[in-house]
């Protein structure tokens, strides 16, 4: 389960819009905590994304809500809550089961669909489980290791980079949260963009050197936490001086806090990768 603010970040639908859709159309009903706060499960997040996509095609919210209900009625039964099963495995530090659950999800649908519609929401739920004490810090580290291995395998499976100017992806000094960045690096490579993944905690000087060495067309990083904005700002300033023509694009929950000169990638990994690939620098 995720909070309304997390649901807004994961779906790209503003909190006030989520409340309005719930109140006016009843197309989804989030659960409530004992304190009365809204929490959103995978099924609700799926309905929100579906409604958003339908509205973007030109349907009115009322028409979109009717279509979401029709689509939901064609689903014979709800899928097991794989994210809850994952969290339970982490509480027991059962790495084998955690690996199997994650592998099963990647086997069910395309890489892009599983990352946006299951993996990132599941990781948000894992974070909430750690914050509430449902899993230990060791459990959180365990799942990060399992997921990073799975993403690294997907990155390598794409094959060699095309002979074009690459995008450099990573996290600057002081930022160790890299699951979203690695997931994006895979999606970017699958979209046909030459991609070099530097990992986390990369000093600005080393990053600038990498841009110069590779002739990179762009850099990509993230602002996963509010304090990380100043770290991204330091990287932006270094790159602006050393490589003024190479943009630093940002994703992450707090990407809106990045310097004004940084293009925002939004909160859907697959869509952001496609958008970068369609830019002249990404081809």
Report, in degrees rounded to the nearest 10, the 0 to 90 angle that the Cα long axis of helix 137-157 makes with the longest principal axis of the chain.
-> 70 degrees
Packing-ranked peptide list from 267-279, 169-181, highest mean Cβ count within 10 angstrom first, is 169-181, 267-279
The percentage of Cα-Cα pairs in region 160-283 separated by more than 21 Å is 28 percent
Work the Kirkwood hydrodynamic radius out for region 12-53: mean of 1/r over every pair of different alpha-carbon atoms, inverted, in Å.
-> 10.6 Å
Extension gain residue 145-residue 31, at 0.36 nm per residue separation less the Cα-Cα distance, in nm?
-> 38.0 nm
Angle, helix 204-214 long axis vs. longest principal axis of the chain, Cα atoms, 0 to 90°, nearest 10?
-> 70 degrees
Computed over the chain: relative contact order in percent, which uses C-alpha pairs under 8 Å that are six or more apart | 15 percent
Quantify how much of the Cα-Cα distance distribution of region 110-214 extends past 17 Å, in percent.
-> 58 percent
Any chance you could give the angle, 0 to 90 degrees and rounded to 10, that helix 42-56 forms with the longest Cα principal axis of the chain?
-> 70 degrees
Compute the distribution of all C-alpha to C-alpha distances in the chain, in bins of 5 Å from 0, and list the percent of pairs in each, rounded to whole numbers.
-> 1, 5, 12, 15, 17, 16, 14, 10, 6, 2, 1, 0
In nm, give the distance between the simple-model label positions of residue 176 and residue 136, each being 7 Å from the Cα along the Cα-to-Cβ direction.
-> 1.7 nm
Normalised by the number of residues in region 41-190, what is the relative contact order in percent for Cα pairs under 8 Å and 6+ residues apart?
-> 21 percent
Provide the gained length on full extension for the span residue 14 to residue 226, in nm with one decimal, where the gain is 0.36 nm per separating residue minus the Cα-Cα distance.
-> 74.5 nm
Cβ-based exposure ranking for 243, 145, in which fewest neighbours within 10 Å come first | 145, 243
Evaluate the relative contact order of region 130-219 (contact order divided by residue number), counting alpha-carbon pairs under 8 angstrom at least 6 apart; express in whole percent.
-> 32 percent
Across 10 Å bins from 0, what is the distribution of all Cα-Cα pair distances for region 23-171, in whole percents?
-> 9, 31, 30, 22, 7, 0
Once the principal axes of the Cα atoms of region 73-154 are found, what is the range along each, listed largest first in whole angstroms?
-> 39, 30, 20
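Values quoted throughout were computed directly from the atomic coordinates according to the rules given, and no laboratory measurement underlies them. Values in this document were obtained by computation on a predicted structure and should not be read as measured data. Ideal geometry is used to build each Cβ from the backbone, glycine not excepted, and the neighbour counts take in all protein chains shown.
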